[in-house]
Amino acid sequence: SIAESLDLKENVSSILKSGLNKAGQSGELFFFTRDNKFIIKTICNREMRLLLKILPSYVEHLKQNHNSLLTRIYGLFTFKLSYTQEKYHFIIMSSVSNCPKECIERKYDLKGSTVGRRTVKVPDLPPEKLQQYDTLKDLDFRKYEKKIGISDGKKVKLLETLKKDVAFFESMRLM
């Protein structure tokens, strides 16, 4: 259940690790729930305003495109610290993998860019040593995986879905 996934006691170590490591380049708090079903990420004011602006179109896109690969956002929340009056915004969204961490051999955060998109700094690291990294990036994928095998039938459906998702981003002037 959602309540179990978001249980604070179950996620304390993930929260602390995220806060210490600053998982995203943006410096925002970012972590997967312990069961890997959800991602919780803080967002800045600009991102919050943008999300609220595109929300009706985003919801409509997901209704019309059930196979969309866009992350499902389940909530946008704001909380204020009583002692400093600082506001923080965060979103709860689905995890793409949604499977136990033990089942994942390697995880990549692919953005389609090469600028600053390398995790592995060791020049000749063998693939069996990649498990020491939580998340790899685009240039790591190019070096270690090169491509993803997919059947022709699924390829056509995937490309169709990707085109619709890209068209949505273009219509929102995000891409």
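Could you check how many residues of the stretch 76-93 are open to solvent by 50 Å² or more (accessible area, probe 1.4 Å) and over 21 Å from residue 37 (Cα atoms)? Before the answer, list the steps.
Restricting attention to the stretch 76-93, the residues satisfying the condition of being open to solvent by 50 Å² or more (accessible area, probe 1.4 Å) are 76-80, 82-88.
Now drop any that are not over 21 Å from residue 37 (Cα atoms), which leaves 78-80, 82-88.
The number of residues fulfilling the criteria is 10.
Of the set (1) modelled with pLDDT of 85 or more; (2) assigned to a helix (DSSP H, G or I), all apply to residue 102 but (1). Tell me whether the stretch 35-53 contains one or more residues that are buried (at least 17 other Cβ atoms within 10 Å of the Cβ), among the basic types (Lys, Arg) and either at pLDDT below 90 or closer than 22 Å to residue 166 by Cβ (or both). Yes, the stretch 35-53 has at least one match.
Results for (1) closer than 21 Å to residue 165 by Cβ; (2) among the small types (Gly, Ala, Ser), shown as yes or no for each residue.
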{"position": "30", "(1), (2)": "no, no"}
{"position": "61", "(1), (2)": "yes, no"}
{"position": "90", "(1), (2)": "no, no"}
{"position": "109", "(1), (2)": "yes, no"}
{"position": "112", "(1), (2)": "yes, yes"}
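If you go through the stretch 62-75 and keep only what is open to solvent by 50 Å² or more (accessible area, probe 1.4 Å) and more than 15 Å from the chain's Cα centre (by Cα), you end up with 63, 64, 66, 67. Scan the stretch 134-146 for residues that are at pLDDT below 90 and not acidic (Asp, Glu) and the total you get is 2. Condition (residue is surrounded by 15 or more Cβ atoms within 10 Å (Cβ to Cβ) and at negative phi) applied to the stretch 96-105: is it met by at least one residue? Checking the stretch 96-105: not a single residue is surrounded by 15 or more Cβ atoms within 10 Å (Cβ to Cβ) and at negative phi. Of 118, 142, all but one fail to be open to solvent by 80 Å² or more (accessible area, probe 1.4 Å), charged (D, E, K, R) and in contact with a Leu (Cβ under 6 Å, 6 or more places away or on another chain); the exception is 118. Under the condition of being in contact with a helix residue (DSSP H, G or I) (Cβ under 7 Å, 6 or more places away or on another chain) and in contact (Cβ under 8 Å) with a residue 12 or more places away in the chain, the residues counted in the stretch 140-167 number 1. Which one of 112, 24 is in a loop (DSSP other than H, G, I, E, B), touching a strand residue (DSSP E or B) at 6+ places or on another chain (Cβ under 6 Å) and modelled with pLDDT under 90? Answer to the selection: 24.
Before we move on, is residue 118 over 25 Å from residue 50 (Cα atoms), out of contact with any strand residue (DSSP E or B) (no Cβ under 9 Å at 6 or more places or on another chain) and either of a type in the set (S, T, N, Q) or at pLDDT 90 or above (or both)? No: the conditions fail for residue 118.
The values are calculated or read from the model by the stated rules, or taken from the named source; none is laboratory data. Only a predicted model underlies this, so the values are computations on that prediction, with no experimental measurement involved. Cβ: placed from backbone, ideal geometry, glycine included. Neighbour counts: every protein chain shown. The protein model used for the area step is the full one, side chains on, heavy atoms only, and it has no ligands, DNA or RNA in it. Shrake-Rupley method; radii C 1.70, N 1.55, O 1.52, S 1.80 Å.
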